[in-house]
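Take a look at the structure below.
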Amino acid sequence: MTTRLIDESLFENGEPHGGDGPRLLGARCSGCGTVVFPRQDSCPRCPDGVMSARVLPVSGRVWSWTLQAFPPKPPYRPPAGGHRPYHVGYVDLGEVLVEARLVVPRAEIRIGLPVRLTTVPAYRDEDGTEVVTFAFRPERDGER
Ligand SMILES: [Zn+2]
């Protein structure tokens with residue numbers, strides 16, 4: 001079975017399971033230090049900063065969350081078997097808020113929960129390729 005990332009431009013490398021796992025790739029402004037994700041060519045906060053690639057931290061904390069009970073609008077594609085509700089929210093990585101799926105059980109999810117970057121299957125392409133997207137899961141004690 002082959003696997004690919006949903007959008008390789010979002011990641012540091014194109015390998016979904018390479019090395020230490022995926023790292024999200026944002027951009028940082030040389031003028032004011034603002035970090036954005038996904039990458040942008042111009043700074044949202046100042047007129048003359050130069051944006052350069054910035055690998056984002058893998059750990060953060062849940063900043064807000066909600067339950068995605070209904071299928072989102074396209075480009076969302078439901079997985080085989082149809083849409084199942086999942087948690088989604090913003091994760092505070094210290095320098096930027098990232099909107100992401102949260103692979104966290106209902107009993108555990110809360111604002112401030114420490115989470116860590118992971119990938120989850122999103123859907124399957126027509127040719128059978130499993131497409132994965134980024135998500136955050138609870139960071140367990142003892143993990144680096
Ligand atoms: Zn700026």
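Couple of notes before you dig in:
- Checking residue 60 against (1) within 14 Å of the chain's Cα centre (by Cα); (2) at pLDDT below 95; (3) more than 16 Å from the ligand (Cβ to nearest atom); (4) on the phi < 0 side of the Ramachandran plot, the condition it does not meet: (2)
- Filtered by the rule that a residue be touching a residue at least 24 places away in the same chain (Cβ under 8 Å), loosely packed, with under 15 Cβ neighbours inside 10 Å and under 24 Å from residue 113 (Cα atoms), region 28-66 gives 38, 55, 64.
The values are calculated or read from the model by the stated rules, or taken from the named source; none is laboratory data. Bear in mind the structure is a predicted one, so any value in this text is a computation, not a measurement. Positions of Cβ are generated from backbone atoms using ideal geometry, with glycine treated the same way; all protein chains shown enter the neighbour counts.
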